[in-house]
């Protein structure tokens, strides 16, 4: 990677660190909350069974009385699948559109760099914050579970974070598509945010509705299941490959649009 990649990485470095710290603090809160949940005189399994199936599917509620199930529902299915997915889609939504809107794109393309390389390097710069937040939070979660006496298998922790990388890249690729299609950064970002949230809802509802079950395959959220990783120790390699293919396919579509676009 060259200048564009490093420039995009460096100018967001402070925000990346702050973002990783904030997410890690929430992880500390979630881990610290588990002992009180464990000692509560509540049959959580029976309580969860009373919830609608769509709600249980949406938040991956399963084995909530264990540290693995609790963190899957409280931290990963909520923060990683929904909030981080939306966040990176939103960030990618402004990558190209913001430069076009502010008149910087003409200057960038006057340099000896192709549109394809510019697009790929801007997109690739998101790998840094995605990696940092996963490493920092993963270490925090494992250390926290050791401190409270409910250490999670480190392999499961590594895998739940490792498998999230292609998922988050796929979410970012959705935002990138809107960024090359729309002229205004704020509209592209809101469209990316809304699109990912709608896909999340479609996947959650389609899973419990036979008539629309096939729609779930359209959403990247279907292919990343933290509950399966933490509770069942099931690592869906095929689903991970699909997410990688989805990210590459959307990136290629973005390139086709950006290559032929009149700046």
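Values quoted throughout were computed directly from the atomic coordinates according to the rules given, and no laboratory measurement underlies them. Note that the structure is a prediction, hence the values are computed from the model and not measured. Positions of Cβ are backbone-derived with ideal geometry, glycine not excepted, and every protein chain shown enters the neighbour counts.
Spin-label model, residue 36 to residue 261: label points 7 Å out along the Cα-to-beta-carbon direction sit 4.7 nm apart.
Taking other C-beta atoms within 10 Å as the exposure proxy, 234, 24 rank 234, 24 from fewest upward. Here the residues 135, 96, 174, ranked from fewest to most Cβ neighbours within 10 Å of their Cβ, fall in the order 135, 174, 96.
Once you wrap a convex hull around the alpha carbon atoms of the range 164-237, what is its projected area averaged over all directions, in nm²? Mind dumping the intermediate values first?
Values: hull surface 23.1 nm².
Here the figure is 5.8 nm², rounded to one decimal.
Our estimate of slack between residue 127 and residue 197, defined as 0.36 nm per intervening residue step minus the Cα-Cα distance, is 23.1 nm. A crude spin-label estimate for the pair residue 12 and residue 83, with each label 7 Å from Cα along the Cβ direction, gives 1.9 nm. With helices as the sole contributors, the chain gives -22000 deg cm²/dmol at 222 nm; each DSSP H run of n ≥ 4 counts as -39500 (n - 2.57), and the sum is divided by every residue.
R0 = 41 Å: FRET efficiency of residue 148 with residue 237, Cβ-based, nearest 0.05?
Values: r = 31 Å, r/R0 = 0.76.
Computed FRET efficiency for residue 148 and residue 237 comes out at 0.85.
Calculated translational diffusion coefficient of the chain (25 °C, 0.890 mPa s; Stokes-Einstein with Kirkwood radius over alpha-carbon pairs) equals 127 µm²/s.
Note the full-extension length gain between residue 110 and residue 186 as 0.36 nm times their separation in residues minus their Cα-Cα distance, in nm to one decimal. Intermediate results must be reported in sequence, preceding the final value.
Numbers: separation 76, 0.36 × 76 = 27.36 nm, distance 2.50 nm.
Contour length minus Cα-Cα distance gives 24.9 nm.
Scattering from the range 124-205 was approximated by placing one identical point on each alpha carbon and applying the Debye formula without solvent; log10 I(q)/I(0) at 0.11 1/Å stands at -0.43. If the segment from residue 135 to residue 218 were pulled out straight at 0.36 nm per residue, it would be longer than the present Cα-Cα gap by 27.0 nm.
By the count of neighbouring beta-carbon atoms within 10 Å, fewest first, 253, 171 end up ordered 253, 171.
Taking Cα atoms only, the orientation of helix 127-147 departs from the longest principal axis of the chain by about 20 degrees.
Spatially, the range 6-24 and the range 116-188 are offset by 12 Å when compared through their Cα centroids.
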